[in-house]
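Only one structure is covered here, and it is reproduced in the block below.
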Amino acid sequence: MTIKVGDRLPESTFMIMGEDGAPKPVKSTEFFAGKKVALFAVPGAYTGVCSKQHLPGYVQNHDKLKAQGFDAIACTSTNDIFVLTAWGREGKAEGKVTMLADGSAEFVKKVGLDIDLSARGMGVRSKRYSMVVEDGVVKSLNVEETPANHDASSAATMCTL
């Protein structure tokens with residue numbers, strides 16, 4: 001079943017890169033507790049739309065989103081934390097977008113936003129979406145119809161919510 005507005009995010013474990021350069025687990029309940037978060041998901045780091053449009057939009061709109069009361073901007077993907085960290089560094093997202101690795105697709109399956117891209121050699125991935133999460137509760141959800149679209153889940157759209 002797909003998560004919807006008003007639902008609480010399920011407990012899941014993401015991997016983040018610690019300040020010491022070592023991966024560390026963080027519970028979703030811990031990360032989202034007491035914060036307003038602009039969360040967006042990409043099917044894969046280093047893919048065309050994700051690298052050229054989706055991530056750059058959130059990097060460019062960081063200050064605007066912060067001014068609108070977001071405590072954090074986070075990106076999740078089924079890539080591992082090493083890939084997401086390198087991708088974030090190359091995309092100039094460090095200090096602006098927190099990378100939440102969902103390498104085993106645990107979170108995306110629990111929220112019902114997974115997509116099987118095995119036919120493309122990519123396995124189980126996340127649909128492209130964005131959501132506003134306040135203290136662990138979904139306040140807005142924008143899911144793209146196809147992985148190549150990014151308008152509904154873009155930073156520009158997030159800035160209007």
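Structural remarks
- The stretch 125-161-the stretch 83-99 distance, computed between alpha-carbon centres (Å): 19
- A simple rule links phi to the HN-Hα coupling: the Karplus curve 6.51 cos²θ - 1.76 cosθ + 1.60 with θ = phi - 60°, which for the stretch 125-140 gives 10, 9, 5, 7, 7, 9, 8, 9, 10, 10, 6, x, 10, 6, 9, 8 Hz, with x for Gly and Pro.
- MRE, 222 nm, helices only [DSSP H, n ≥ 4, -39500 (n - 2.57), over the chain, to nearest 500]: -5000 deg cm²/dmol
- Filter on Lys27/Lys66; Lys24/Lys52; Lys109/Lys139; Lys4/Lys96 - keep pairs with C-alpha separation over 21 Å: Lys27/Lys66; Lys24/Lys52; Lys4/Lys96
- Alpha-carbon Rg with Dmax, taken over the chain, Å: 14.1, 42
- Given their separation in residues at 0.36 nm each and the Cα-Cα distance between them, Lys52 and Asp20 gain 8.6 nm when the chain is fully extended.
- Segment Val137..Val5, full-extension length gain: 46.7 nm, with 0.36 nm per residue of separation and the alpha-carbon distance subtracted.
- Largest-first principal axis extents of the Cα set of the stretch 24-102 (Å): 32, 28, 18
- The Cα atoms of the stretch 90-149 define a convex hull whose projected area, averaged across directions, is 5.5 nm².
- Contour minus Cα-Cα distance for Arg89 and Asp116 (0.36 nm per residue): 7.0 nm
- At R0 = 25 Å, FRET efficiency that the Cβ-Cβ distance of Lys109 and Thr29 yields, to 0.05: 0.90
- Looking at the chain, the accessible area is 47 square angstrom per residue; that uses a 1.4 Å probe and ignores ligands, DNA and RNA.
- Here the contact order of the chain, divided by its residue count and restricted to Cα pairs under 8 Å and six or more residues apart, works out to 31 percent.
- Within the stretch 2-59, the percentage of alpha carbon pairs spaced more than 16 angstrom apart rounds to 61%.
- Selected from Ile81, Val42, Gln68, residue furthest toward positive end of dipole (the stretch 1-132; charges at beta carbon): Gln68
- Excluding exposed DSSP-loop trypsin sites (Lys or Arg not before Pro) (at most 16 other C-beta within 10 Å), longest clean stretch of the chain: 93-161
- Simple point charges give the picture: +1 on the Cβ of Lys and Arg, -1 on the Cβ of Asp and Glu, and for the stretch 64-126 a dipole about the Cα centre of about 260 debye.
The values are calculated or read from the model by the stated rules, or taken from the named source; none is laboratory data. All of these numbers come straight from a predicted model, not from anything done at the bench. Neighbour counts run over all protein chains shown; Cβ positions are idealised from the backbone, glycine included. What goes into the accessible areas is simple: the full protein's heavy atoms, side chains included, and nothing from ligands, DNA or RNA. Shrake-Rupley method; radii C 1.70, N 1.55, O 1.52, S 1.80 Å.
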